[in-house]
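See structure below.
Every number here is computed from the coordinates shown, using simple stated rules; none is lab data. Keep in mind the model is a prediction, meaning the values are calculated, not measured. Ideal geometry is used to build each Cβ from the backbone, glycine not excepted, and the neighbour counts take in all protein chains shown.
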């Protein structure tokens, strides 16, 4: 198998940016289809074109200029991707995997087919059905749009019939209704799968969510090794089932000591940013290795403990984000600060998880509170 | 002190490329003045302009568009840099440090002023003087042009009166004539110095030269800690003396168990590429932190042992460099292969130095022998 050299990335966000950084290191060429000229990846990808990822002709143009196409986000139409594949373009992950990745309802179908444990879920297709389902689980529930939600958008915690009415999207979309659960912990597993079916798996991470956004990630997870092994097995079976190529991030809840599969993303994921410092090969490099057809890099942990914390904009965040802290790895995406917007992340590595977490939290706060320098 | 955001880099080689990769991560903006449009840094720096770094107006244009200017190489005229500083432009390192860095004769003067040990050296200014100096050390010597040599160019080992005649550059240039020495080992120290005089120092590395080019770098150096301490002290005193801002790489010979200062470079250096995987903060990020006025990052070693090996083009090297090895960190610069040309480097980290070195050597050979994929 001769490796591919030119990779088109649909989307110009921070995942595309960090893929482009990895591509630069290992000598691969990337081209980006970004929505806006100030998207993060445009900073370092001279060959950035601006266009709507929902526009078939923009996707076809990108695919025509590259040997393989991959994705920074799920805002694409799987039908269009299927058309591109029939025309002979190479997409990794392919249209079939993307069709599952973009749709939480199809994810549940896949998990069910594999007999994997999931939260009790009703799929509602109208406000009436949503209200009935909320009622059925005791009057409050968690709502998630099946398609198009991210970073807390498209999710309503503690939903009642009343708040659901206000929240309900205008567009017709399936809504997953789940009972509120007492969650012991949340974990994530990153699997990387090559076009030849070869797989490597990163050490399980523990994730802490805040406002529906992944806020803190820690490795090692310090969970029962049996639970970790079970999570890894489930993640691998999903990756095989949907025939993914590249990174598959699989998120789990632990409720009453048992694993429940939450959702997947068929791309590098916020819960895997920590791999840039914690593992021998980052999720971004391994995604590109898989997509380009190179041997997958080692996922071995290279530090005793690491913690990643997102840098999120607040009303205090300055345009330059202030002084760079010295005791963590800093990753800033070059985004204009806005309250609630992910601007970057920091990762601290240390001998103990407590030390790493404390340093990462402090560094993130420093950057978030930084005086404006621009 | 408010950190600077926009950094102009003179030169578009692999050092500029790796600075740009680091700048992308930490959210700094870089602009590059490259000699050619296919220079490595142009791959990821959309704001690359093409021009001659020896052209004062090209330098002035770059300086006018950026808050601070730094350097990928020494092919600049210190007089021009002095003029730019008098006009109010910020250069880091400044004209005074660059005047020393570009000229091995001035380096010897600085080392002498500090009372530091150097190889016995005669500075010859004509072929006649070179031949007399070779004679004086027994008929064979090492010759080095004082200005403009790099990667084995501008150096003649085992020079005789005869070979010197053929080798002597046409341009008028001072030539350092040194006796051939029985070198026990070569080491290098990377110092990073901020504009405020704050300094951090990387662990001492051992370097193995081949054809005048740094071929293998190893950390730890496994030398007597006394020798290491002395080397670090000398490196720090040189950094202070020339008032460098950014990375200063200081190279030493060890002859009969004693240190001799060889030469310096006032920029990230091949002997410091290993820091990307071996230390908490890479030399490239720390160079930018110093240049932009941020606190310097930790240079702490994060692995037990590491080895870096350059990937050098040969007649067998294909345009795509073949399959990426899986067990090392790969850095490829996107340069067209030519025999003898540095195309990239690999770094292996391991528990033992032997294991790291063996893996890095094997991976570099794999890439050098890779079948063409383009």
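If you bin all the Cα-Cα distances of the stretch A:185-368 at 10 Å, starting from zero, the percentages per bin are 10, 37, 35, 16, 2.
In what sequence do A:254, B:183 fall when counting other Cβ within 10 Å, fewest first? Walk me through the intermediate numbers first.
Values: A:254 19, B:183 14.
Final ranking by Cβ density, sparse to dense: B:183, A:254.
Classify the stretch B:144-203 from the C-alpha gyration tensor, please: rounded if a/c falls under 1.5, else prolate or oblate depending on whether a/b exceeds b/c. Since a/c reaches 1.5 but b/c is at least a/b, the shape of the stretch B:144-203 is classed as oblate.
Remark: relative contact order (the stretch B:6-91) = 33 percent; criterion is Cα-Cα distance under 8 angstrom and separation of 6 or more residues.
Determine, for B:72, B:55, the number of other Cβ atoms within 10 Å of each Cβ, and report the residues in order from fewest to most.
Details: B:72 26, B:55 13.
Ordered by Cβ neighbours within 10 Å, fewest first: B:55, B:72.
Copy-to-copy label distances for residue A:256, where each label lies 7 Å from Cα along Cα-to-Cβ, are 8.2 nm in order of increasing length. A helix-only calculation puts chain B at -9000 deg cm²/dmol for mean residue ellipticity at 222 nm, using -39500 (n - 2.57) for each DSSP H run of at least four residues, averaged over all residues.
Count, for each residue of B:231-239, the Cβ atoms from other chains sitting within 10 Å of its Cβ, then give me the mean as a whole number.
Values: counts 0, 0, 0, 0, 0, 0, 0, 0, 0.
Across B:231-239, the average partner-chain Cβ count within 10 Å equals 0.
Looking at the square roots a ≥ b ≥ c of the eigenvalues of the Cα gyration tensor of chain B, which shape do they give, rounded for a/c under 1.5, prolate if a/b is larger than b/c, or oblate? Verdict is rounded for chain B. Between identical copies, the spacing of residue B:161 label points, each set 7 Å from Cα toward the C-beta atom, reads 10.9 nm from nearest to farthest. Here the convex hull built on the C-alpha positions of the stretch B:120-179 has a volume of 69 cubic angstrom per residue. In terms of the Cα gyration tensor, with a ≥ b ≥ c the square roots of its eigenvalues, is the stretch B:1-64 rounded because a/c is under 1.5, prolate because a/b exceeds b/c, or oblate? Verdict is oblate for the stretch B:1-64. Summed over all non-identical Cα pairs, the Kirkwood treatment of the protein assembly as shown gives a radius of 27.4 Å. Sorted from longest to shortest, the spans of the Cα atoms of the stretch A:243-317 along the three principal axes equal 42, 36, 27 Å. Measuring nothing but alpha carbons in the stretch B:84-204 and taking Rh as the Kirkwood radius, the Rg to Rh ratio lands at 1.04. Among A:353, A:176, sorting on how many other beta-carbon atoms sit within 10 Å of each Cβ, with the fewest leading, yields A:353, A:176.
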